[in-house]
Amino acid sequence: MRGIEIGGRGIVLTDREVKNAAPRDKAYKLADSGGLFLHVAKTGTKTWRMKFRFQGVEQLLTFGPYPEVKLSEARDKRDDARRQIREHINPAGARRRAQEAKEQEKAELAKLINFETAARDWFALQAPRWAPVHANDVITSLERDVFPRWAQSLWFPSTRQPCSRRCARSKPADR
């Protein structure tokens, strides 16, 4: 007999069944309740998934691999997703929006780092290795020749051009 019957919820998986699910010639599913199931690939990878419909379109959420995501955690994630569906929020879209917000935050942080800040941080790391005279020459040269021109430009990771290209275009012709 597969699973156990729990008051009106139908047959649900047990931890032992999940643990003992072995790979077969083809991928297969072990159903839990509420749309949650364990997808067992023919390679033996076990992944928690949930099939649901949102605005008439069937969609699939993946919660993570077993045993990283335990049965109880997968059920909690399923319950959260069902709550979002009841509130007319697409759980797949909510996850995507959260990831986009995180990437946007990283991009905003990258914009805050300008060339002068990055150069001064680099100088602070390098200065202890240099003789005091050389360190003084480097910072003086940066402050006199480089910072006035590049100080407020965004740091290179926020652009798509490599530094060598940007620097080559900015060289004064009369040097």
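The values are calculated or read from the model by the stated rules, or taken from the named source; none is laboratory data. In this text the structure is predicted, and so the values were computed from the model without any measurement. Cβ coordinates were reconstructed from backbone atoms using ideal geometry, including for glycine residues, and neighbour counts include every protein chain displayed. Heavy atoms of the whole protein, side chains included, go into the accessibility calculation; ligands, DNA and RNA do not. Shrake-Rupley method; radii C 1.70, N 1.55, O 1.52, S 1.80 Å.
Observations on the model:
- Region 74-100: number of residues that are under 14 Å from Phe54 (Cβ atoms), of a type in the set (D, E, K, R) and either open to solvent by less than 60 Å² (accessible area, probe 1.4 Å) or touching a residue at least 24 places away in the same chain (Cβ under 8 Å) (or both): 2
- Among the residues of region 58-95, the ones that are more than 20 Å from the chain's Cα centre (by Cα) and part of a strand (DSSP E or B) come to 2 in all.
- Selection within region 108-138 - of a type in the set (Lys, Arg) and at pLDDT 85 or above: Arg120, Arg129
- Where Glu105 falls short, out of the listed (1) at pLDDT below 85; (2) open to solvent by 80 Å² or more (accessible area, probe 1.4 Å); (3) within 30 Å of Val40 (Cα to Cα): (3)
- Qualifying residue in region 50-57 (condition: touching an Asp or Glu at 6+ places or on another chain (Cβ under 8 Å), outside any helix (DSSP H, G or I), touching a residue at least 24 places away in the same chain (Cβ under 8 Å) and not basic (Lys, Arg)): yes
- Scope region 46-56; condition within 12 Å of Arg82 (Cα to Cα) and open to solvent by less than 20 Å² (accessible area, probe 1.4 Å); matching residues: Met50, Phe52
- Taken over region 104-137, residues that are free of Cβ contacts under 8 Å to residues at least 12 places away in the same chain, among the aromatic types (Phe, Trp, Tyr) and part of a helix (DSSP H, G or I) amount to 1.
- Here Thr43 fulfils each of the conditions (1) at pLDDT below 90; (2) surrounded by fewer than 12 Cβ atoms within 10 Å (Cβ to Cβ) apart from (1).
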